[in-house]
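Chemist: Before I ask anything, here is the structure I am working with.
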Amino acid sequence: MNFKGRSFLTLKDYTPDEIEYLLELAAKLKDNKKKGILGSSLKGKNIALIFEKPSTRTRSSFTIGCVDEGGHPEYLGVSDIHIGRKESIEDTARVLGRLYDGIAFRGFKQETVEKLAEYSKLPVWNALTDSYHPTQILADFLTLKEQFGKLKGLKLVFAGDGRNNVASSLLIGCSKMGMDITILAPKALWPDKELVEVCTGYASAGHSMIEITEDLAAVSGADVIYTDVWCSMGEEDLETERISLLKPYQVNDAMLKMTGKESTVVMHDLPAVKGNEVTEEVFERFADVIFDEAENRMHTIKAVMVATLGNM
Ligand code: CP
Ligand code: NVA
């Protein structure tokens, strides 16, 4: 397996074995950190963090993951630099490519993160775009492995905005890793058809199933119910419409009962709007899992940086 110099723009670009390797590396780095052992694989490396949208977990994870491995992270908020206004993405990328060793990008268009990779020639890591949030899914999978000891064979139901970045990335990740995935959402918020087709190919290779449905009965047998905000960053003015569309899909006690399982866990990538996509009571009951997920953002992001840029 060769990770060196590669970007991490979407999980589509990584094989199931490569994803498994990154999860194992993250678990090892996590274990080491708990024992007080830090690495030096990013020593001498400068990493640019370009953020067009706000972030608590992802920004902190790139910063801490980089510093833990001896590197230097530099936060470049879009209002601090010229990108997209006085200077094109292509020119910014070529400049950063001369100065830095890696770039994390969070923003609106997937096309921007792709251009940054193409023109900087550096490893570029997608820290969330409107289309995908691949590093989030690595943290979710590490958390699931800690909870269930495996990924293959688990049934995950995503309830909510089935076409958002997290749902789309879960669709890719679960179908690649042999997990059954159900997107439970109103038809107006179903995932992109082409993406579903691509993921159906992954699922048939891994002998798992994809289901896209409006029917709440689909939660039956779920090992995991996963939800996310009803309005992603940049969609705030759609709030009224989203609440009326998604209210039946709130993760609450009634939905949990319909799984027919005692062992079902609830996951959320955070930040959460309690009272919308999840009730406060259910959120608090699964807080340990949800905050493990948040912590695991750092260990998994560190693994991606170490694998693609580190001297190992
Ligand atoms: N889950 C996640 O990406 O959180 P932040 O927006 O705080 O980075
Ligand atoms: N779908 C959410 C994820 C936040 C981490 C958003 O894009 O705002």
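Chemist: Those residues that are buried (at least 21 other Cβ atoms within 10 Å of the Cβ) and more than 13 Å from ligand 1 (Cβ to nearest atom), I need them from the stretch 45-64; list them, please.
Modeler: ILE47, ALA48, ILE50
Chemist: Also, quick follow-up: List the pairs whose first member sits in the stretch 255-279 and is within 12 Å of GLY221 (Cα to Cα), whose second member is assigned to a loop (DSSP other than H, G, I, E, B) and within 13 Å of ligand 2 (Cβ to nearest atom), and whose Cβ atoms are under 7 Å apart, counting only residues at least 6 apart or on separate chains?
Modeler: Cβ pairs passing all conditions: none.
Chemist: Looking only at the stretch 89-103, decide whether some residue is assigned to a strand (DSSP E or B) and not small (Gly, Ala, Ser).
Modeler: Yes, the stretch 89-103 contains a residue that is assigned to a strand (DSSP E or B) and not small (Gly, Ala, Ser).
Chemist: When you go through LEU116, LEU96, LEU128, LEU122 one by one, which is the residue that is crowded, with 16+ Cβ neighbours inside 10 Å and either on the phi > 0 side of the Ramachandran plot or within 16 Å of ligand 1 (Cβ to nearest atom) (or both)?
Modeler: LEU128
Chemist: Is it fair to say THR240 is within 16 Å of ligand 2 (Cβ to nearest atom) and among the hydroxyl-bearing types (Ser, Thr, Tyr)?
Modeler: The answer is no for THR240.
Chemist: Within the stretch 163-171, can one find any residue that is surrounded by 14 or more Cβ atoms within 10 Å (Cβ to Cβ), under 19 Å from LEU11 (Cα atoms) and away from ligand 1 (no atom under 16 Å from the Cβ)?
Modeler: Checking the stretch 163-171: at least one residue is surrounded by 14 or more Cβ atoms within 10 Å (Cβ to Cβ), under 19 Å from LEU11 (Cα atoms) and away from ligand 1 (no atom under 16 Å from the Cβ).
Chemist: Just a yes or no: is a residue in the stretch 56-75 closer than 14 Å to LEU309 by Cα, within 16 Å of ligand 2 (Cβ to nearest atom), assigned to a helix (DSSP H, G or I) and in contact (Cβ under 8 Å) with a residue 60 or more places away in the chain?
Modeler: yes
Laboratory data are not the source of any read-out in this text; all were calculated from the coordinates shown. As the structure is a prediction and not an experimental result, all values here were calculated from the model. Neighbour counts are summed over all protein chains in view; Cβ atoms, including those assigned to glycine, are modelled from backbone coordinates with ideal geometry.
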